[in-house]
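The values are calculated or read from the model by the stated rules, or taken from the named source; none is laboratory data. Computed from a predicted model, the values in this text were never measured in an experiment. Positions of Cβ are backbone-derived with ideal geometry, glycine not excepted, and every protein chain shown enters the neighbour counts.
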Amino acid sequence: MYGITYKSIKEYIVNSYGIAKWETIEKDGNITIDFSLMEQPYSDATNYKLAVLTTKHTGKPLEEVLFDFGEYIIKATSENYSVFMESRGNNLRNYLINLPNFHNRIMLIYPELTPPEFRVSSIENNCILLHYISTTPGMLFFIKGYLTGLMNIFKENPNVEVITPEDKTDKESIFKICW
């Protein structure tokens with residue numbers, strides 16, 4: 001989602017900890033992102049860096065910061081850019097099934113970008129497997145927050161289970177989502 005992601009993370013930090021804390025994080029991390037550019041490509045590595053800096057300056061555990069980032073990005077996107085949400089489906093199942101196609105289109109539009117990859121497998125009536133593939137280790141909790149944000153938006157409460165062994169989540173995390 002390019003700049004939407006960065007803008008949402010900045011908004012989360014400012015709303016949760018204040019503008020002074022954001023400015024400290026921005027300065028400490030030498031963050032030079034123009035948060036007004038919505039078409040700016042992003043990487044998971046930058047999101048992770050912002051999470052590490054937030055942990056450093058707030059004392060909040062990294063896993064919680066990553067979770068909050070993922071959840072807040074969905075909240076902010078649904079409030080400020082509802083067309084993005086609506087274009088991917090009118091319920092959680094359809095949204096998740098359409099998510100890989102969205103990321104594939106992003107890669108065609110921005111060939112210099114290496115976004116995380118989503119893949120859906122084993123689609124059944126009441127369960128799907130969502131694969132999250134990233135070159136940035138440590139993003140599992142970000143995706144857990146992202147999924148929680150989606151469940152809140154769609155007012156659905158499926159059972160979500162991480163089925164990837166913990167020592168294998170560096171590159172790919174697999175979530176079993178059942179209704």
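Considering (1) in contact with a Lys or Arg (Cβ under 8 Å, 6 or more places away or on another chain); (2) under 24 Å from N15 (Cβ atoms); (3) not assigned by TED's automatic domain parsing to the domain that holds N15, the lone condition that G70 does not fulfil carries the number (3).
Residues in the range 107-127 that are among the hydroxyl-bearing types (S, T, Y) and without any contact (Cβ under 8 Å) to a residue 40 or more places away in the chain were compared, and the one that is surrounded by the fewest Cβ atoms within 10 Å (Cβ to Cβ) is S121. There is at least one residue in the range 88-103 that is without any contact (Cβ under 8 Å) to a residue 24 or more places away in the chain and aromatic (F, W, Y). Taken together, K10, K27, K60 contain a single residue that is assigned to a helix (DSSP H, G or I), among the basic types (K, R) and surrounded by 15 or more Cβ atoms within 10 Å (Cβ to Cβ), which is K10. Look at (1) modelled with pLDDT of 90 or more; (2) assigned to a loop (DSSP other than H, G, I, E, B); (3) among the small types (G, A, S) and you find that A51 fails only one, number (2). Restricting attention to the range 81-106, the residues being exposed (fewer than 12 other Cβ atoms within 10 Å of the Cβ) and among the hydrophobic types (A, V, I, L, M, F, W, C) number 1. Applying the criterion of at least 3 residues that are within 23 Å of D68 (Cβ to Cβ) to the strands (runs of 3 or more DSSP E) found wholly in the range 107-179 leaves 127-133, 159-162, 172-178. Here D170 clears all of (1) exposed (fewer than 14 other Cβ atoms within 10 Å of the Cβ); (2) at pLDDT below 90 except the condition numbered (1).
Per the conditions (1) surrounded by fewer than 16 Cβ atoms within 10 Å (Cβ to Cβ); (2) under 22 Å from A51 (Cα atoms), the sole criterion not satisfied by S78 is (1).
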